[in-house]
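Comments concern the structure below.
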Amino acid sequence: MHSVDLTPVSGAMRWQFPVALDPHSRDPLFQQIAHGIAADIRRGRLKPGARLPSSRELAATLQVHRNTVVSAYGELIAEGWIETAEARGTFVSRALPEIKPRRFAPGLAAAVGRPRKAPFGLNADPGFVGYQRPLVPFLLPDGLPDTRLVPRAALARAYRRALYAQGDLALSYGDARGVARLRAALAEMLAATRGLAISADDVLVTRGSQMALELIARTVLSPGDVVAVENPGYRTAWQVFQAHGAKPMPVPVDAHGLDVDALTRLTETTRVRAVYLTPHHQYPTTVTLSAGRRLALLELARQRDIAIIEDDYAHEFHYDGRPVLPLASADREGFVIYIGTLAKILAPGLRIGYMVGPADLLKRAAVERFCLDIQGDHVLEHAIAELFEDGEVMRHARRARRIYEGRRDFMVERLRKRLGGALSLTTPPGGIALWATIAPEVNAAAWAARALELGVFVVAGAHFSFHRSPLPNWRLGFAAYDERGLGEAVEILAQALRDVRRGGGRTRASV
C-alpha cells in the first residue's frame, strides 16, 4: 500500500493518504490508480476542488513510471472526475458528472459515504436525548446562562498564560482528577459558599456535571440497583442510570421539594441503593427542599445505607432570603456525593464540573475517568484556576447574579401582565428559570407548538414527567436574554396564544 500526498485548495499543507496497488492484479496499474482516486471521490474522501499531486509527485510516491500516472489522470479527466488548471495543478472536478460505475472502477456503485447502519448489531437504544435545539430566535427551556457576560478577555489572557507558563506539563498527560490548582480553587470556593470542609484532595474535576453522573453510575451502581429520583425531574440523569442497568423509581415532588415520606415508604418495600435529587433549585419546578425534609433525608440515608447524589447545578444564583447550604454541608458520614458545574456561572461550553465525595469513591472515579476520557483540558483548567485566584469568577458571579435577578423580576412581571389569564407562576427565590402552570382551558401543547413556529422554543411539562404524562407546565429560562429579548419572546408567546385560541387549539405539538 502506497500513499498519495494531497493538498486542499485552501492551504499549502500536504497530507498523506493510502492508495492500494496490487502488483499481482490483472488490472493495469494506471487503472488501479484511477479506480482508487475515483472511489475516494465517490465516497466523499476527496471533495470537489481538492488538489491532487502532480503526476511526477504521485509517480515518485507510488514508485511507478510517470507515464502510468499520466495515463490514470487521463482516464479520470476523460470521465469527468478531475480537471486541470494551467499553472495551478490538477483538482477534483467542481462539477462532477452523474456518478455511475465506470469501466475502470468496478464496484463504485456500492455506497456513497459511510454506511448508515452497523452490520454487526448494537445494544438496546438507551433513549438519550442529544442537545439539539431548533434554530429559532429564543430558546427558553433549561435556564441557559448569558454567555455574553463571560469575561472572555480575562479568560483568553489566562488561557494564553497557562499555555505558555505550564508548557509541556499542561499539554501532556496528567492527573485524571484534574489539575491540583483548580481543585484547590474549587475547594476554597465550596468551603466559603457551601459550607463544605474540604481540600483539593476531596475534589475531582469533570467535563460538566453530566460526566460526574456517569462516573457515579460506574462506581456506585450495579445492574438492577434502584435509584430513587424526583418526579418531575431531570430525565438525562435517569437515562445515565438506566444505561448502566440501574432502575430509576419516581418519588413525587411538591411545594417543599422531594417527598421524603414517600421515599421512606418506598424503602420499606424496596432496596434503594441511591437517591438523586436537586434540592437547592429543584429541576424543573425551582422549589427548595425544606429544612425538615433535609434532616429527614440524611437520617434515612444513615438508616438504610443510601447514597445521596446531590446535584447543585445553579447554587450561585439565589436572590431572596438567606443562602441555603447543600445537604453535603451537614453530612458527617460520607453519604452525600456532591456534584456541581461552572456551566451556569461561566458557560456550558467550557465543560467544567466537579464532584466531592469520600476518598475511596473519588479514587475509583478517577480510574473510571481515566478509562473514559483520561483527563480534561489541563490548559483550560489552569486558566479557570487563575480566574478563581484573582477574583474574576467571584466578580463575574456577583455581576451575573444582579443581572439575572433583574431579568427574573422583569420576566415574571411581563408574563403576568401579558399572559396572566393563561398561565400562573410563583417567583422563584433562585435559579435561572421559571416553572409556569398553564390554565386548564388552554391547550398547552398546541400553544408551545405554535410558539415554536413563531420563533420561541419552550419545553412542555411532559418532558420532565417520569412516565411522560401530560403536565400543565412549562419551564421558562430567563437568564440568556436581556429585557428587550425577553419582552419580544413574551409578545411572541402572546401572539401564539391568540392564534391557538382562534384555531380552537387544534395545532398538534411535537415538543
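The values are calculated or read from the model by the stated rules, or taken from the named source; none is laboratory data. Given the structure is predicted, the values throughout are model-derived calculations rather than measurements. FYI the Cβ positions are ideal-geometry reconstructions off the backbone, even for glycines, and counts take in every protein chain you see. For the accessible areas, the whole protein counts, side chains as well, though only heavy atoms, and no ligand, DNA or RNA atoms are used. Shrake-Rupley method; radii C 1.70, N 1.55, O 1.52, S 1.80 Å.
Multiplying the sequence separation of I403 and T147 by 0.36 nm and subtracting their Cα-Cα distance, what value in nm do you get?
On the way: separation 256, 0.36 × 256 = 92.16 nm, distance 1.26 nm.
Result: 90.9 nm gained on full extension.
Search the structure for amide H atoms under 5 Å from the amide H of A176, placed 1.01 Å from N in the peptide plane, and list their residues when 5 or more places away or on another chain.
none
Want the number for R160 to V367: 0.36 nm per residue separation, take away the alpha-carbon distance, what's left? Could you put the intermediate results ahead of the total?
Numbers: separation 207, 0.36 × 207 = 74.52 nm, distance 2.96 nm.
Working it through step by step, the gained length comes to 71.6 nm.
Would you mind calculating the relative contact order of the chain from Cα pairs under 8 angstrom and at least 6 residues apart, reporting the percent as a whole number? Please report the intermediate quantities before stating the final value.
Working: 876 pairs, mean separation 80.3, N = 511.
With pairs under 8 Å counted, the relative contact order is 16 percent.
Give me the distance between the Cα centres of region 343-373 and region 171-234, rounded to whole Å.
4 Å
Using Cα atoms only, what is the angle between the long axis of helix 180-194 and the major principal axis of the chain, expressed in degrees (0 to 90) to the nearest 10?
30 degrees
Please give the solvent-accessible surface of R416 in Å², to the nearest 10, using a probe radius of 1.4 Å with every protein chain present.
120 Å²
Among the GluC sites (Glu not before Pro) within region 259-367, which fall in a DSSP loop and have no more than 15 other Cβ atoms within 10 Å of their own Cβ? Please report the intermediate quantities before stating the final value.
Values: sites: E268, E299, E310, E316, E333; in loops: E316, E333.
Filter output for region 259-367: E333.
For the chain, what are Rg and Dmax over the alpha carbons, in angstrom?
29.0, 87
Which listed residue (Y338, H318, V136) has the Cα farthest towards the positive end of the charge dipole for the chain, taking +1 on Lys and Arg C-beta and -1 on Asp and Glu C-beta about the Cα centre?
Of the listed residues, the answer is V136.
When we measure straight from the Cα of K417, which lysines land under 24 angstrom away, once same-chain ones fewer than 8 places off are left out?
Correct list for K417: empty, as no lysines qualify.
Return the loop-located chymotrypsin sites (Phe, Trp or Tyr not before Pro) in region 134-187 (DSSP other than H, G, I, E, B) with at most 11 other Cβ atoms within 10 Å of their own Cβ; answer none if there are none. If you can, show how the numbers build up before the last one.
Working: sites: F138, Y159, Y164, Y173; in loops: Y173.
Passing both the DSSP loop test and the Cβ count: Y173.
Treating the angle as unsigned and between 0 and 90°, give the value, to the nearest 10°, between the Cα long axis of helix 208-220 and the longest Cα principal axis of the chain.
Here the helix axis deviates by roughly 80 degrees.
Projected area of region 322-433, taken from the Cα convex hull and averaged over every viewing direction, in nm²? Could the numbers behind the result be given before it?
Numbers: hull surface 41.0 nm².
Result: 10.3 nm².
Students sometimes get this wrong: rank L350, L387 by accessible area, probe 1.4 Å, all chains present, largest first.
L350, L387
From the convex hull of the Cα coordinates of region 393-511, what is the mean projected area in square nanometres? Spell out each step's value before the answer.
Working: hull surface 31.5 nm².
With the hull built on Cα positions only, its mean projection is 7.9 nm².
³J(HN,Hα) across region 466-473 via Karplus (A = 6.51, B = -1.76, C = 1.60, θ = phi - 60°), whole Hz, x for Gly/Pro?
Computed from phi, the couplings for region 466-473 are 4, 9, 6, 5, x, 10, x, 9 Hz.
Once amide H atoms are placed 1.01 Å from N in the peptide plane, what residues at a sequence separation of 5 or more from G49, or on another chain, have their amide H within under 5 Å of its amide H?
V92, S93, R94
Quote to one decimal, in nm, the extra length available between A192 and R395 on full extension: 0.36 nm per residue of separation minus the C-alpha distance between them. Before the final figure, lay out the partial values.
Values: separation 203, 0.36 × 203 = 73.08 nm, distance 1.47 nm.
My answer for the length gained is 71.6 nm.
Scan region 446-508 for trypsin sites (Lys or Arg not before Pro) in coil per DSSP, keeping those whose Cβ has at most 13 other Cβ atoms within 10 Å, and list them by number.
Numbers: sites: R450, R468, R475, R484, R498, R501, R502, R506, R508; in loops: R468, R506, R508.
Of the trypsin sites (Lys or Arg not before Pro), the ones in loops of region 446-508 whose Cβ has at most 13 other Cβ atoms within 10 Å are R468, R506, R508.
What net charge is computed for the residues neighbouring P223, neighbours being all others with C-beta under 13 Å from the C-beta of P223, Lys and Arg scored +1, Asp and Glu -1? Let's see the in-between values first.
Values: positive: R218, K247, R273; negative: D225.
Taking every Cβ under 13 Å from that of P223, the sum is +2.
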